[in-house]
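Here, each number is a calculation from the coordinates, and none is a lab measurement. Treat the numbers as computed from the prediction; the structure is a model and nothing was measured. Because the Cβ atoms are built from the backbone with ideal geometry, glycine has one as well, and the counts that use them run over all protein chains shown.
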Amino acid sequence: MKTVIKTNGLSKTYTNTAVPVKALKNINLEFREGEFTAIVGPSGSGKTTFLNVIGGLDKPTEGSVAIDDVDISSMKESQLFDFRLNHIGFVFQAYNLIPVLTAMENTSFIMLLQKRPKKEMEERAREMLEQVGLSDKMNVRPSQLSGGQQQRVAVARALASKPDFVLADEPTANLDTESAFNLLDIMARLNKEENITLIFSTHDQRVIERARRVITLVDGEVSKDEQFERD
Amino acid sequence: MSLLLTLAWRNLWRNKRRTLITSSSVFFAFLLATALISFAKGFQQQLTESLIRQETGYMQVQDAMYLEEPSMDHIFEYGEELKKAIGEIGSDIDYTVPRISGFSLAARDITTKPAMVNGIDPEMEDRLRNLSSNITEGEMFSAGDDYAVIAKGLADMLHIRTGDTLILIGQGFQAITATAMFRVGGIIDFTIPELNNRMVFLPLGEAQNYFAAGNRLTSLIIMPEHDEKICKVAERLQEMLDSEWYAVRTWGELMPDMVELMQMQDTVYRLITWVFYVIVGFGIFGTIVTMLYERMREFGIMLSLGMKRSRLAIVGLVETIFIGIIGITAGFVAGIPLVLFFRMFPVRFTGGSAEYIMNFGMEPVFPFAFDPMIFLEQAMAVFLITVLIGFYAMRKIYRTDMLDASRQ
């Protein structure tokens, strides 16, 4: 399987604090196509920073991030906007759907920004909402959906544009057990069916138990990188 | 673009009450401003019309030197050249009003007073300003008559009544001494003291004889068929006449003080409307600032997802402009019928105020002008303000730190 993401000597130090904080220290990792990876570790271990840097939301202080052999760490902001739009899907802890758009429109949002043909966009959005079990909520706005339903729309949004990989920052943190399992089932199925690389940051044992690869970060360093066989 | 418009429009209605209140402030400012300017323009039009009727007409042919030195030395011949030129312009000229005017001394017995002697064509003067309707005693002369009509104030000062004889002594054309006696056949009442204490009217021919002026005039008022053709008619007429002898002057050139006064009035009214708009502008600004801060996290997320700053900034600009457009549209919908209503059914002055205004030859009403340009100008002013505030929103979005905003 081809390498989707490769980090080389990745470090990130925050200098806008009273004392400089080394959030990531010399991280060398590779993520392959179709992987289902959980990044775990205690609070402040650098999970979110790692996702931000490999997602092109933040820049490393040292080292590089290559996505499909393209070094994104030296890209300008405008190039990064295009890169994120066309290559990366995001799922956030607090769902972060656009409140004035319906579930259908939220799912189409990335494709709208990509200016995909309307028909293709609608078909794909409908398909994704069916996949996440929300075909009856297409024209409903986020305020009328439960937390679990909103997160499923967020997953549909992230996957609809068929990105190279999806970064999910603690996606189950705000969900009850049933919703969390439901979401994980959907994500695992989509991971298999769409062969999309999924990388989670999480504290949630339920997510860790589903992941085929678990990377543990401690104080900004990789302390463990384990592979598991899962169904 | 439709995504950006959809986002902007729906964002606006996330807090309906706030949007309605802000748009209402735009609406009321727009309505007040258009009503104020429509009234000011209406008043100016009425005043101008009155002054044009009472004083200068829309334009005059004069001797080229008369404006600088208004004396009997600078009168012009109403001859074939001028009549031919007027005839050639044809249907663009509705009618003309000939006048010869000069200062003289008016006397009876041992009392002498300065007077403005006006030789007029009574029919044309009636058409222009319904002069004979002010006669309070006797009657207005006709073209063939040889008696004088004297203003009431002057008549009182000279103790003259109809049937008495008025003596006039003055200077005629080329410094000839002008003297004549006229029977007073009518007394005319002007409520404006300046006119009431000075005016003496004679039939045009009698006045030309008195001033030894032959067929000469001090002014020939030209009333065009359509007001908007004043400048065009004046230019054409001037081209056809020898500019060494004749000058064609519009009412604006004849009453520069009035034009200046109107411009000053315009400036004051515009300043007042801008005060409205500045107040409203701060209201819109407050709303936009609140809307921006409320949605910082959302902006961060949209940027994270790959929405370009420029597109997000356009959403901010369009939202601000929408607030203005809602207010302006409501302003048009309510303002046009309101102004039209007050134009068709103006509020009338009553009692002493009405009489005072009528003294100036004006109708005693609050006049409203209906001019689409007034609405367009005000709409442009509001649009400009909303665009400026929109630029602030754009700048704020451009400067948003994506990660900081996403964490809010």
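Of the two radii for the range B:1-118, the radius of gyration is 1.38 times the Kirkwood radius, both from the alpha carbons; that is the Rg over Rh value. Using only Cα atoms, tell me the angle between helix B:230-240 and the longest principal axis of chain B; keep it within 0 to 90° and round to the nearest 10. With both axes taken from Cα atoms, the answer is about 50 degrees. The gain in end-to-end length when the B:Ile169 to B:Trp13 segment is fully stretched comes to 48.1 nm, 0.36 nm per residue minus the alpha carbon separation. Here the Gaussian network model covers chain A, with springs between Cα atoms less than 10 Å apart; of A:Pro42, A:Pro117, A:Pro60, A:Pro117 fluctuates the most. Listed values for the range B:147-155 are Karplus-derived 3J(HN,Hα) couplings in whole Hz (6.51 cos²θ - 1.76 cosθ + 1.60, θ = phi - 60°), namely 10, 9, 10, 10, 5, 4, x, 5, 4, and x replaces Gly and Pro.
When a/c reaches 1.5 or more, the comparison of a/b and b/c decides; with that in mind, is the protein assembly as shown rounded, prolate or oblate per its Cα gyration tensor? The shape class here is prolate. Computed from Cα positions, the angle between helix B:372-398 and the longest principal axis of chain B comes to roughly 30 degrees. Roughly speaking, what is the centre-to-centre gap between the range A:21-75 and the range B:348-381 when only Cα atoms are used, to the nearest Å? Distance between centres, Cα-based: 73 Å. Note on chain A: with a GNM built from Cα contacts shorter than 10 Å, the maximum mean-square fluctuation among A:Val218, A:Val100, A:Val155 falls on A:Val100. Given a 10 angstrom Cα cut-off, can you work out which residue in B:Glu244, B:Glu206, B:Glu235 is the most mobile in a GNM of chain B? Fluctuation is largest for B:Glu244. With 0.36 nm allotted per residue and the present C-alpha distance subtracted, the B:Glu235-B:Val278 stretch has 11.3 nm of extension available. The H on the amide N of B:Tyr95, modeled in the peptide plane, is under 5 Å from the matching H of B:Met223, each at least 5 residues off or on a different chain.
Ellipticity at 222 nm from helices only: DSSP H runs of n ≥ 4 in chain B, each -39500 (n - 2.57), divided by the residue count, give -18000 deg cm²/dmol. Using the Karplus relation 6.51 cos²θ - 1.76 cosθ + 1.60 with θ = phi - 60°, the per-residue 3J(HN,Hα) values for the range B:338-345 come to 4, 5, 4, 4, 6, 6, 6, 10 Hz, with x marking Gly and Pro. Remark: the Cα gyration tensor places the range B:56-162 in the oblate category, a/c being 1.5 or greater and a/b not exceeding b/c.
Given axes a ≥ b ≥ c from the Cα gyration tensor, I'd like to know whether the range B:65-242 is rounded (a/c under 1.5), prolate (a/b larger than b/c) or oblate. Since a/c reaches 1.5 and a/b is larger than b/c, the shape of the range B:65-242 is classed as prolate.
Would you mind checking A:Lys119/A:Lys162; A:Lys162/A:Lys192; B:Lys308/B:Lys396; B:Lys41/B:Lys229; B:Lys84/B:Lys232; A:Lys137/B:Lys308 for any pair whose Cα atoms are more than 22 angstrom apart? From the list (A:Lys119/A:Lys162; A:Lys162/A:Lys192; B:Lys308/B:Lys396; B:Lys41/B:Lys229; B:Lys84/B:Lys232; A:Lys137/B:Lys308), the Cα-Cα distance tops 22 Å for A:Lys137/B:Lys308. Set the Förster radius R0 to 30 Å, insert the Cβ-Cβ distance between A:Ser64 and B:Tyr293 as r into 1/(1 + (r/R0)^6), and round the FRET efficiency to 0.05. The pair A:Ser64/B:Tyr293 has a calculated efficiency of 0.25. Using the Cβ-Cβ distance between B:Ala354 and B:Asp126 with R0 set to 25 Å, the FRET efficiency works out to roughly 0.60.
Spelling out what I want: for every residue of the range A:83-95, take phi, set θ = phi - 60°, compute 6.51 cos²θ - 1.76 cosθ + 1.60 (Karplus), and round to whole Hz; glycine and proline get x. Those phi angles translate into 5, 4, 4, 9, 10, 10, x, 10, 10, 9, 4, 9, 6 Hz.
The distance from the alpha carbon centre of the range B:68-115 to that of the range A:1-15 is 97 Å, rounded to a whole number. Dipole check for the protein assembly as shown: with +1 at the C-beta of Lys and Arg, -1 at the C-beta of Asp and Glu, and the Cα centre as origin, the magnitude is about 3760 Debye. Candidates B:Val184, B:Phe76, B:Leu131 compared by Cα position along the dipole of the range B:65-242: farthest toward the positive end lies B:Val184, with charges placed on Cβ. For chain A, the longest principal axis of the alpha carbon atoms and the long axis of helix A:118-131 meet at an angle near 80°.
Once the Cβ-Cβ distance of A:Glu130 and B:Phe391 is raised to the sixth power relative to R0 = 45 Å, the FRET efficiency obtained is 0.55. In this structure, the amide hydrogen of A:Ser73, modeled 1.01 Å from its nitrogen in the peptide plane, lies closer than 5 angstrom to those of A:Val65, counting only residues at least 5 positions away or on a different chain. Look at the alpha carbon pairs under 8 Å that are at least 6 residues apart: their mean separation over the length of the range B:65-242 gives a relative contact order of 33 percent. Distance from the Cα centroid of the range B:255-291 to that of the range B:131-207 is 49 Å (rounded to whole angstrom). Beta bridges per DSSP, both residues in the protein assembly as shown: antiparallel share near 70 percent.
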